1. Mind checking which residues of the range 51-63 are in contact (Cβ under 8 Å) with a residue 40 or more places away in the chain and either open to solvent by 70 Å² or more (accessible area, probe 1.4 Å) or closer than 15 Å to P33 by Cβ (or both)?
2. When you look at E18, is it surrounded by fewer than 19 Cβ atoms within 10 Å (Cβ to Cβ) and modelled with pLDDT of 95 or more, yes or no?
Amino acid sequence: MSDVRHVLVLPDREAAEEVAVAVCERFGAVEEPQLVRDSLAGEDDAEDAQWLVVVEDPGGRLDDGALHALAGEYEGWLERP
């Protein structure tokens, strides 16, 4: 299996931080997920920013459906490649 990078999109920083912790707790992620602020195109206001949780998945062992469900608990989603 190859290495995979999963990107979960969340509505705000608090949700992203909670999801990052939950990924480690539920799936035993090897590395701490990375949080990235993603401004919507053309928007400068922090209120219009989404937050990304980037999860490195060596060996591609994490289940996309489970990650999507986790993000959905926080009004987010799993970005499809």
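The values are calculated or read from the model by the stated rules, or taken from the named source; none is laboratory data. For clarity, every value in this text was computed on a predicted model and none was experimentally measured. Cβ coordinates were reconstructed from backbone atoms using ideal geometry, including for glycine residues, and neighbour counts include every protein chain displayed. Ligands, DNA and RNA are excluded from the accessible area calculation, which covers all protein heavy atoms including side chains. Shrake-Rupley method; radii C 1.70, N 1.55, O 1.52, S 1.80 Å.
1. Within the range 51-63, W51, L52, V53, V54, V55, E56, D57, P58, R61, L62 qualify.
2. Values: surrounded by fewer than 19 Cβ atoms within 10 Å (Cβ to Cβ): yes; modelled with pLDDT of 95 or more: yes.
Answer is yes for this residue.
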